[in-house]
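Colleague: Just dropping this structure here.
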């Protein structure tokens with residue numbers, strides 16, 4: 001099966017220039033973001049789609065996306081992995097969590113504006129609000145009580161549940177720990 005979509009790697013983003021491909025890919029699970037549209041409600045847009053590297057890598061591994069460089073050379077999955085490792089701290093752990101959540105049907109977007117790794121939607125951006133903020137940590141990584149309180153306060157302020165995704169690199173497993181905040 002040959003990939004359905006073609007993107008171009010430009011620095012740390014992947015652009016789907018073909019508008020029909022952009023609409024179709026976005027419609028298949030809210031992948032990427034239409035250029036210049038902050039909260040699209042549907043796939044009826046007339047601009048290129050911009051994918052984060054982690055999404056591009058995910059779609060490449062699933063044989064849905066072919067990535068080209070500026071000179072029309074193909075980017076191999078190994079090459080895109082190298083780019084991802086330069087861009088993300090602890091990429092393997094973050095990718096494992098991204099992949100796990102996506103494979104379960106969640107819509108996963110960057111969580112940088114919330115100070116975490118991912119914002120996770122049940123239905124999709126523009127359709128519902130992300131009920132979860134996910135921070136990825138590696139098992140046995142130092143995490144202070146202040147880190148948890150700061151993340152929890154932010155999550156509570158924006159009415160989201162804060163979740164730690166604890167990745168065990170040796171066992172290749174993930175444990176999700178959710179925090180609910182109660183007021184007395």
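Colleague: By the gyration tensor of its Cα atoms, with a ≥ b ≥ c the square roots of the eigenvalues, what is the shape of the range 44-150: rounded for a/c under 1.5, prolate for a/b over b/c, or oblate?
Modeller: Oblate shape, in that a/c is at least 1.5 and b/c is the bigger or equal ratio.
Colleague: Further question on the same structure: Expressed as an acute angle from 0 to 90° and rounded to the nearest 10, what is the orientation of the C-alpha long axis of helix 91-103 relative to the principal long axis of the chain?
Modeller: Once rounded, the angle reads 80 degrees.
Colleague: For the chain, take the longest principal axis of its alpha carbons; what is the angle in degrees between that and the long axis of helix 145-157, to the nearest 10 within 0 to 90?
Modeller: In the chain, helix 145-157 runs at an angle near 70 degrees to the longest axis.
Colleague: Right, next: Take peptides 12-20, 144-152 and line them up by average Cβ neighbours within 10 Å, highest first, as a rough protection proxy.
Modeller: Output ranking for 12-20, 144-152: 12-20, 144-152.
Colleague: What does the C-alpha gyration tensor say about the overall shape of the range 89-184? Classify as rounded when a/c is under 1.5, otherwise prolate if a/b is larger than b/c, or oblate.
Modeller: Verdict is oblate for the range 89-184.
Colleague: Could I ask something else about it? Using the alpha-carbon centroid of each, what span in Å lies between the range 120-135 and the range 1-76?
Modeller: Comparing the Cα centres of the range 120-135 and the range 1-76, I get a distance of 20 Å.
Colleague: Using only DSSP helix segments of four residues or longer, with each worth -39500 (n - 2.57), what per-residue ellipticity at 222 nm results for the chain after dividing by its residue count and rounding to 500?
Modeller: -9000 deg cm²/dmol
Colleague: Looking at the P(r) of the chain, how many percent of alpha-carbon pairs lie beyond 30 Å?
Modeller: 21
Colleague: Among rounded, prolate and oblate, which fits the range 122-168 when a ≥ b ≥ c are the square roots of the eigenvalues of its C-alpha gyration tensor, a/c under 1.5 means rounded, and a/b larger than b/c means prolate?
Modeller: Cα axes put the range 122-168 in the oblate bin.
Colleague: If you take every DSSP beta bridge fully contained in the chain, what fraction is antiparallel? Give it as a percent rounded to 5.
Modeller: 70
Colleague: What percentages make up the Cα-Cα pair-distance distribution of the range 1-85 when the bins are 5 Å wide from 0?
Modeller: P(r) for the range 1-85, in whole percents per bin: 3, 16, 30, 25, 17, 7, 2.
Colleague: Next question. If one takes the longest principal axis of the Cα atoms in the chain, at what angle in degrees, from 0 to 90 and to the nearest 10, does the Cα axis of helix 77-87 lie?
Modeller: So the helix axis and the longest Cα principal axis differ by about 50 degrees.
Colleague: Packing-wise, with mean Cβ within 10 Å as the measure, how do 30-38, 65-73, 160-168 rank, highest first?
Modeller: 160-168, 30-38, 65-73
Rule-based calculations on the coordinates, nothing more; no lab input. Note that this is a predicted model, so its numbers are computed, not measured. Please note: Cβ atoms are built from the backbone with ideal geometry, for glycine as well, and neighbour counts cover all protein chains shown.
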